[in-house]
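What follows is a set of notes on a single structure, which appears directly below.
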Amino acid sequence: MNRFLTLSGMAVVWLAIAPMPVAAQAVSPWPVGMPPPFLQGPTLADTLRNGAQVASDQARVTAQFAREMGGRARSGGYQMQNLQNDYQSLAYQFQNLRVTFTALGELALQLQSAKAANAAAELYSGLNIISEAFAPVQQEMQIGTLNRDSVMRMCQVLNEALLEWQKELKRCSSRLGMIR
């Protein structure tokens with residue numbers, strides 16, 4: 001009798017801890033053990049909303065940093081070391097935006113909607129185009145001919161382009177599967 005209770009007790013414990021499939025559970029696009037770039041909600045729509053908000057905030061913060069960096073670059077006392085630190089910080093923030101949006105786009109694809117897929121592709125392409133603003137400054141840094149005007153132009157382009165991209169993200173939110 002004891003053995004029967006032990007076996008049935010083990011079966012109950014196993015059933016309690018065994019993973020149960022959930023019908024509408026989203027598949028996580030980020031690697032196991034890596035923290036997600038945004039808060040996962042109870043539903044796919046909630047997670048998409050959270051991701052869109054984080055991507056929007058990251059675009060705004062990156063645009064603001066670019067604007068502030070451009071202002072610092074105008075200063076005569078702005079040194080090369082400061083520029084390199086600012087450039088690395090700006091590139092890091094932009095990369096974080098790309099990672100966040102990539103995760104958001106992969107989640108939107110789970111909706112299996114052509115509208116969501118097209119919106120994600122358009123926004124991702126926009127980020128690819130915006131990333132080209134880094135190229136002239138990066139090339140000048142590599143060959144050692146960095147020009148202050150190039151830095152100011154890059155910052156101005158990034159600020160304006162990221163703010164436009166943020167507006168487009170908000171316009172595309174319904175196509176990405178987020179109900180406003």
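The values are calculated or read from the model by the stated rules, or taken from the named source; none is laboratory data. Keep in mind that what you see is a predicted model, and the values were worked out from it rather than measured. No Cβ is skipped: glycine too gets one built from the backbone with ideal geometry, and neighbour counts run over all protein chains shown.
Does Thr47 qualify as being among the hydroxyl-bearing types (Ser, Thr, Tyr), within 19 Å of Ala161 (Cα to Cα) and either in a helix (DSSP H, G or I) or in contact with a Leu (Cβ under 6 Å, 6 or more places away or on another chain) (or both)? For Thr47, the condition - among the hydroxyl-bearing types (Ser, Thr, Tyr), within 19 Å of Ala161 (Cα to Cα) and either in a helix (DSSP H, G or I) or in contact with a Leu (Cβ under 6 Å, 6 or more places away or on another chain) (or both) - is not met.
Here's a check for you: in region 80-108, which residue that is over 15 Å from the mean Cα position of the chain (by Cα) and modelled with pLDDT of 90 or more is nearest to Met154 (Cα to Cα)? Even if it seems obvious, please write down each step before you answer.
Residues of region 80-108 over 15 Å from the mean Cα position of the chain (by Cα): 80-89.
If we keep only those that are modelled with pLDDT of 90 or more too, we end up with 85-89.
Details: Asn85: 15, Asp86: 12, Tyr87: 10, Gln88: 13, Ser89: 14 Å.
My answer is Tyr87.
Yes or no: Ala120 under 15 Å from the mean Cα position of the chain (by Cα), under 21 Å from Leu39 (Cβ atoms) and modelled with pLDDT under 95? When the stated conditions are applied, Ala120 passes them. Taking the criterion of being more than 17 Å from Gln138 (Cβ to Cβ) and either surrounded by 10 or more Cβ atoms within 10 Å (Cβ to Cβ) or modelled with pLDDT of 90 or more (or both), the residues of region 66-79 that qualify are Arg67, Glu68, Gly71, Arg72, Arg74, Ser75, Tyr78. Being more than 20 Å from the chain's Cα centre (by Cα) and hydrophobic (A, V, I, L, M, F, W, C) is the filter; apply it to region 37-79 and report the residue that is farthest from Leu109 (Cα to Cα). Per the criteria, the residue is Ala73.
Within the bounds of region 123-141, is there any residue that is in contact with a Gly (Cβ under 8 Å, 6 or more places away or on another chain) and modelled with pLDDT of 95 or more? It would help to see each step written out before you state the result.
Residues of region 123-141 in contact with a Gly (Cβ under 8 Å, 6 or more places away or on another chain): 123-124.
Those left that are additionally modelled with pLDDT of 95 or more: 123-124.
For region 123-141, residues in contact with a Gly (Cβ under 8 Å, 6 or more places away or on another chain) and modelled with pLDDT of 95 or more: present.
Here the helices (runs of 4 or more DSSP H) wholly within region 80-180 that include at least 1 residues being β-branched (Val, Ile, Thr), free of Cβ contacts under 8 Å to residues at least 60 places away in the same chain and surrounded by fewer than 16 Cβ atoms within 10 Å (Cβ to Cβ) are 114-131, 135-143.
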